[in-house]
Structure formats: C-alpha cells, structure tokens
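The values are calculated or read from the model by the stated rules, or taken from the named source; none is laboratory data. Quick caveat: nothing in here was measured; it's all calculated off a predicted structure. All Cβ positions, even for glycine, are placed from backbone atoms using ideal geometry, and neighbour counts span all protein chains on display.
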Amino acid sequence: MNNQDQSLIFEISTPGRIGFSLPEMDVEAVSIEDILPAEYIREEAAELPEVSELDIMRHYTALSHRNHGVDSGFYPLGSCTMKYNPKINENVARINGFAHIHPYQDEAVVQGALELMYDLQEHLIEITGMDQVTLQPAAGAHGEWTGLMMIRAFHEANGDSARTKVIVPDSAHGTNPASATVAGFETVTVKSNEYGLVDLEDLKRVVGPDTAALMLTNPNTLGLFEENILEMAEIIHSAGGKLYYDGANLNAVLSKARPGDMGFDVVHLNLHKTFTGPHGGGGPGSGPVGVKSELIRFLPKPLVAEKDGTFFLDYDRPESIGRVKPYYGNFGINVRAYTYIRSMGPDGLKAVTENAVINANYMMRRLAPFYDLPFDRHCKHEFVLSGKRQKKLGVRTLDIAKRLLDFGYHPPTIYFPLNVEECMMIEPTETESKETLDAFIEAMIQIAKEAEETPEIVQEAPHTTVIKRLDETLAARKPVLRYQA
Amino acid sequence: MKHRYLPMTEQDKKEMLSDIGVSTVDELFHDIPESVRFKGEYKIKPAKSESSLLKELTRLAAKNADLKSYASFLGAGVYDHYTPIIVDHVISRSEFYTAYTPYQPEISQGELQAIFEFQTMICELTGMDVANSSMYDGGTALAEAAMLSTGQTRRKKILLSSAVHPESRDVINTYAKGHYVDVIEVPYKDGITDTAALKELISEDIAGVVVQYPNFFGRVEPLKEIEEIVHAHKAMFIVSSNPLALGALTPPGKLGADIVAGDAQVFGIPAAFGGPHCGYFAVTNKLVRKVPGRLVGQTVDDNGKRGFVLTLQAREQHIRRDKATSNICSNQALNALAASVAMTALGKTGVKEMAIRNIQKAHYAKKSLQEKGIEAVFDGPTFNEFVIKLPAAYKTVNDRLFQKDIIGGFDLGRVYPELEDHMLVAVTELRTKDEIDAFVQELGDSHE
C-alpha cells in the first residue's frame, strides 16, 4: 500500500470469504434462466467486497477512530446545535414495534405509531405556537421548501400569482435561497445593519406587491435576536407577504418566545438539532413544518388525525400541496425527538434554552478580549467572532480552526455567516459543562497568543491528526469519486 | 432544575452570570420584545424518568403489529429483508452517529471514507459512473432526477410511467409544480410501461422519461426497448431501481440509463413506518457537476497521504445559494453507512445469492397460488413481487390473514381503481416455506 495507513474495504477483499448468513433455502431453487429473459440477467457480478465478519468490524472500528462526534469531544459547530444525543432515544427507536412496522399496514394495527405521531404534532404545536404541524419533511431544507410551496399555494389560491419573490437576509443559511429557487421563487436579499440585524429601511425598499414571503432565522445566524420582529412582521404582512421562520436556531428561544406569537405564518424545525435527532454524520434529519390556521388546508397529505380515540391518516385534503415525501416522514427520527421532549418536560426545555444562552454569553465575554467581537451585545445560543486581528498577523480563521483540532476539538462553523469577515460561529449548547467551556476558552486564548508569537504553529496546523490538510483543489480538478481496482 | 443532560449547577450559573455581567438569566432575554415574550412554561406533558418513559413507550410500541412477530407479504417499496446483525453494531458506534456533516476532513476521515465506499458500491450495483453520498429517500431522489433532466435539456416536460411507485409519482408531481414542469403519465399495459403509448407521447419537448425497474408491480421493465425510444428523442433516461434486484438483473447503467435513483432500504435499514430510509442517486460522468447533494472525493494531504474530502461543492446550497443544483443539505448519512455495512457483509456473492432467492421464493409462492386457482395477473418476469386477483374482497382476505399472524400484501385498489381487490404480494428471502404455504392456504380458503 502506498502512502496510506487506512485501507479501503475493497483493498482487503479476498475471493472466497463471506460475511453473511442468509436464511435457509427451503423451496425449490428454480434456475433464474427459466424466469428471466437472458438480456435482463446480470452477467458480471457487482464488485462488492468479500470479507469476513471480523474484517468488517475491524474496518469500521478503525474508521470510527478516525471520526470526531459529540461523544468524542466538544463540537461547537454554530447553527448545528451539536448537543448530546441521549441514549434512551436510540433504545426506543429500536423497539420492534417502532423499528419494524410497515407504512402500509392496516391503520388498526399501527395505532401506537399514529398515536406517537399525533402527540408529537400536538407538542410541536404548543412549542412553536402554530395551529397545525406536518411531520412529513425529511430535513430542514426539505421543510423550507415545503413551507414555501404552501405559501405559493396560498397566494395562488387568492389569485395572487404576481408574488414571485422571497426575501432573505444576507446572513441567511444557504438553504433559504436554494429552497426559494426550488419552490419556483426568485430570491431578493435584504441587508443587515451595523447591529447585525435586518435593516428595516432596506426591508421597506425591497418589499412590494411581488413579495411572497420573508424568510427569517430568529435569533439570526449571528446569534442575535431580531428585536424589531414585530415591525418586520407588520411590513411584510401589510404588503400581503407571509413570514417564514427557519427553525435551525430554535434552541435559543424554547419557552422564551414562540414563532407563532412573533407573527410567523410558517415555521420548520430541525428535530435532529434542537430535539436530539441525532446528527448521524449528516442525517437522517427530520424537518416538521408548522403553520397558522389560514395555511392548514395546504399542508402535505396525509396528516395524522384523531377521532374518538382512534388515530388515522387523513388524505381528504383537496387543497393540499400534495406529497413531499413517500410515506409519513422520517418516523424513526420523530420517535427519538418525541422521546427527548418527554424526557425534558416543560421545565426541562426552559432550562435547555437558559443554559444554552448562558453558556454562549459566557464564552463570548471571556473570548472578547482576544478576538474581535463584531456585535457587542448579549447573544442568544451562539455568537460570532471575527479573526480579523489574527489575519493581520498572517493567521487566518481556517488556520485557527485547524489548530483547534490539535486540542481535540471540533472547530466552530467558519466563514459563515457571509457578512462577517474571517467569521467563527460558536454554539456551545446546554449539554456542555463549565469545565469543558473553560478548557476550550483556554485553547482559544493560547491560539491567539500563538498567532502573535509563533504564527507558524497555527499556520501549519493540524499537527496531531491522522492526516494533514488535504488538497481540495486536486479533489475538485480531477474528481476521483469511487474506488477502482 | 436538575437533569442528567444539563450539567450546569447553581454555583456554575452564579459564576457565569457574574462573568457575563448580569444578575439574572432574564436579562439575557431582554432583547425579546415584551409583547412576544413567552411567559411561564409550555403546556406539554411533564418530564418522565428514564425507566418510566421507557416503559410507557414500550407499551405504546406494543400497540403496533411488528414485522418480526408476523409473517409479512407486504412490500410496495418497503421490504422486510435479512439484516446482518453487524449492521447495528457498526452504526451504534457513536463516533459516527453523533458527528455531523464532515466539514473538517482531518477529523472526519472515518465518515468520509465510509461514504466514498458507499458511492463505489452504488456505482457497482447500478452500473453507473458516479453516485452521491445519499438522498432522503427513493421518492425524492427520483424527483430530483426528473428535475435535473429539465435543467440539463432545457425542456419542461417529463414522461412518467404509471408503473412507477405511486408515492414517488406524487412526490415528482409536487417537485414539478415548484419548477413549473409538466408531468405526463404514460399508461401501463399488462403490468409494464406501454411502449406504444410512450412512442405516441414522446417528442422533442420531453426532458426525461421515468420508469421503475423492477416496476411497482414487480415486473422487469423492457429497459432496452424503452431506452431506444427515449434517446431517439434526445430525452434523458431515468430509472428508479431496487438495488438488491440489481444483484441479479442487468444494471440500468448497462442498458443506457442517464440517471439511476432509488432507495437502499433493502440493505440493512428497518422499515420504520416508512422512514428514515436511504435514497441513492447515480449518474453518468457527463452529469457529475449537476448532481444534487454531497459528493466525497479522494485526494492527498500535505504529506502525499491518501485522504477524502467533500468535493465539487460549487454545486451546493452553502456556496451557490439560489443557483445551487438542489436545496438538499442534511441527507441520510447514517443510513448510507448502514447500507454500506450490509452491502459489505453480503458482498459480491451474497447480494447475488440473496437477489436470486427473492426471485425463487416469489416464484414458489406464485406457483403455489396458481395451484389453488389464484392466478397472477400481468404474468411475466418478476423480481420478488407480483400481482394477484383476490378470491374475495381485499379487506376480508387481509383480516383473515392477520388472524393467522400474516400481514397481507398491498391493496392495489387504493391507488389503481381498475385493480380493486388485487393484491401486490412481496416474498423476500426471509419468508419460509411454511409461511408461504400458510399464506397460500389462507388465500385458497378465501374463495367466496
């Protein structure tokens, strides 16, 4: 093996080895030539690995050692809410009666599943302050698109087809403008002001009779609460538009403010963030969408409903935007989120937000002397720092992120949001202890000092990882996207 | 408030608030306008202890009839297959399931390499050049494929076979609305896409033609014949495929498909009431820069050592925003890992053997039913599913089966009015001869 210390599974494959145990073959083994036409019988077998069960376990155990999760160490990746993933969630999701049920079983024999979904909808309605919730969208971005499709259907039902534009702030998640496009809208950007909030004058300038909606994250991606939210709602609503809430940052406002009370008409949630999905290495997520009463008729079908203590799937929804996903959503993730909500209760969820916000403000205050703080006010669950000062010393934010790897941390989100130079977006979450935060703060302070005294240590980081910085240009210029023998 | 997930003590809180320079937590929320501030607590169920919550939810789950306690002949896109036990052991390693998208490759090589291996295995099974890191599910993957074809050809119409999974068709229609794309259904005839009708409907306005292989009725579509019709009009050929079936069937990549999409639920992923499953998306080299979602590529580090990174990100929403190829961000990474482990465990010989056993067991069931006078309609080559005309009303039959601990097949009358009291029967390698015989016996006894 040249220049590699971790084999691909294909490279340890040996003809003749197997890693499976198929159930007994107890019927006549008819030749498939007698069943299928010759041209549809596969000639060459797919080149999949041939390995023993122990080979497989060692391979993936080795890979897991080359991966950092929340269970490995602190993971303050802003806007991703990398909180602890409770273990009871995993147990509950694996109970046969939840894991091994088929979406087309008779409703009478899956009442437990429907009841759980119904009760989760009810809990999310209370938490968001909306009037109804669908659990169908598979992830946050999918929820955004679902919500925008409903807004489009609403305007169209009013004969208002000139509303072709969706307004998003310059600090918005990339999924917002992308979802607007997929829902058939054009995106218009509204600027932030010097306080990091949506510039109301600019909003008044861009809003108009062609406005379908404003998409807003509140608190925004700078971790700041849009305190002019009521004025913004008034501006959008009086122009005939709808207000959309990106729920990626809901961890900041549980029991403190509900999107429904702030004037939002549609909200999506990321159950794999605020409600401990888990993150899964990049999914599966779950992106339920809540709406106010005038949009209920457009919700995707089916919707879980209840009558006289019996739960059922309501398909009788003639104005629905249709189906956004096969079956009823990522049920397995919804089971986990429900388990989490029931583990926390109302007082627990309130403490979640309070502690998350205390943690973020504490870190921000302690780091402010060492890094630029672009917006000096209380943050919510996350905050941004700028590496501008370090950049002048030749140390970029990317270098700081890579240096953090040497301390065993996952770095913050970097270079986002786009309206802060050399941005670092830090979200500690409520599940981290003060000791963990203090140790991270010390590491950040040390890196700031290194930037001044021995910048090359930072510039050349990481020093301790299994692999050094990777050539991303090469990867994109000559894409190698699969193994070939 | 003490909770096992919340480590902050009263002492911690006091010290931290003092360092922040406030005296109460509430001061940190003063930027929320008074009139919208939520007072008090949510009116939701109170917290439960670990043991009592587990008991409550175990009881709730027991209200569901699960596939491990019944013999299931229900498929229609979601299947009860052999899952190597090792799959759950691997995906339970929390370095995988508590990580997120591998933005920092130096500490995410495990996930990145696992995805690279997944991409390779999907390419092998489908016969395509490039596969992405996963999509939400088969239905949305197919919808993205259809939309890709409209962007690529700059045409605004899709032809969609009515023998494609009904829920995938619904999802395609919803996506098409978003993109102002027209979807025209191609009827089926004798259980496969009606190629004569396809020839009538196709024109130079058609961006892509979507078929399923094996199709919703379990039939092997004549891809070769369809491909010629599609490409004669420079439309794109989009095939939805059950990747397990491709262990035995000629892969669509060998039959001229431009995009192959589908669901890898058949590989180690539980039915879970319909999700999360694992969409896959595979294309020819020509389309690599049009692919939605994440792609992992091989490269080298500063020392020349092999490593893996997220690549060709200029397609994606976090870079291109409103010009992205798709809005997808989180996908189904953990389930792609499960599918990878299952495909690895089954391996080169196991996938083929398992696919063939599905064909053989379904064949045995079909033949046994015939002997009882229950004929398969649309007779022709099938994978592990086929359609029968029931000897009695669907509900009557299904309730009878359930009394014998059998979950019957899919009620086709739900979505195809012309197929009232027809059942789509799925027979996987997990169904034993005894279970099949009992199923056949019960159906035979259902004659009215």
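Some values worked out for this structure:
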read-out	value
Filter pass, residue A:56 being facing chain B (nearest Cβ under 7 Å) and in contact with a Leu (Cβ under 7 Å, 6 or more places away or on another chain)	no
One residue from A:189, A:181, A:175 being under 30 Å from residue B:181 (Cα atoms) and free of Cβ contacts under 8 Å to residues at least 12 places away in the same chain	A:181
Where a residue in the stretch B:71-82 is of a type in the set (Val, Ile, Thr) and its partner, wherever it lies, is buried (at least 24 other Cβ atoms within 10 Å of the Cβ), with Cβ under 7 Å and at least six apart	B:78/A:102; B:78/B:265; B:78/B:271; B:78/B:274
Condition broken by residue A:130, with the remaining ones in (1) buried (at least 23 other Cβ atoms within 10 Å of the Cβ); (2) out of contact with any helix residue (DSSP H, G or I) (no Cβ under 6 Å at 6 or more places or on another chain); (3) over 22 Å from residue B:61 (Cα atoms) satisfied	(2)
Leading residue by the ranking (surrounded by the most Cβ atoms within 10 Å (Cβ to Cβ)) among those in the stretch B:268-299 that are hydroxyl-bearing (Ser, Thr, Tyr) and in contact (Cβ under 8 Å) with a residue 24 or more places away in the chain	B:280
Filter pass, residue B:164 being in the same structural domain as residue B:244 (by the TED database), in a loop (DSSP other than H, G, I, E, B) and not acidic (Asp, Glu)	yes
The stretch A:176-214: number of residues that are among the aromatic types (Phe, Trp, Tyr) and either more than 18 Å from residue A:140 (Cβ to Cβ) or part of a helix (DSSP H, G or I) (or both)	1
Which numbered condition residue B:335 fails, given (1) facing chain A (nearest Cβ under 7 Å); (2) outside any helix (DSSP H, G or I)	(2)
Criterion (of a type outside the set (A, V, I, L, M, F, W, C), over 20 Å from residue B:276 (Cα atoms), more than 7 Å from chain B (Cβ to nearest Cβ) and under 17 Å from the mean Cα position of the chain (by Cα)) met by exactly one of A:78, A:129	A:78
Total residues in the stretch A:170-194, condition over 17 Å from the mean Cα position of the chain (by Cα), of a type in the set (Ser, Thr, Tyr) and more than 18 Å from residue A:420 (Cα to Cα)	2
Residues within the stretch B:302-328 that are in contact (Cβ under 8 Å) with a residue 40 or more places away in the chain and either part of a loop (DSSP other than H, G, I, E, B) or farther than 20 Å from residue A:285 by Cα (or both), tallied	6
Selection from the stretch A:373-416 of residues that are within 17 Å of residue A:440 (Cα to Cα), among the charged types (D, E, K, R) and touching a strand residue (DSSP E or B) at 6+ places or on another chain (Cβ under 9 Å)	A:382
Check on residue A:40, touching a residue at least 12 places away in the same chain (Cβ under 8 Å) and facing chain B (nearest Cβ under 7 Å)	no
Elements of type strands (runs of 3 or more DSSP E) contained in the stretch B:197-279, each with 3 or more residues being within 30 Å of residue A:330 (Cα to Cα) and not hydrophobic (A, V, I, L, M, F, W, C)	B:206-213
Failed item, numbered, when residue B:58 is tested on (1) within 23 Å of residue A:348 (Cβ to Cβ); (2) surrounded by fewer than 17 Cβ atoms within 10 Å (Cβ to Cβ); (3) touching a His at 6+ places or on another chain (Cβ under 9 Å)	(3)
Residue among A:278, A:300 that is touching a residue at least 12 places away in the same chain (Cβ under 8 Å), in the same structural domain as residue A:213 (by TED's automatic domain parsing), crowded, with 23+ Cβ neighbours inside 10 Å and more than 30 Å from residue B:108 (Cβ to Cβ)	A:300
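Conditions tested, residue by residue: (1) buried (at least 17 other Cβ atoms within 10 Å of the Cβ); (2) at pLDDT 95 or above.
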| site | (1), (2) |
| --- | --- |
| A:400 | yes, yes |
| A:416 | yes, no |
| A:436 | yes, yes |
| A:442 | no, yes |
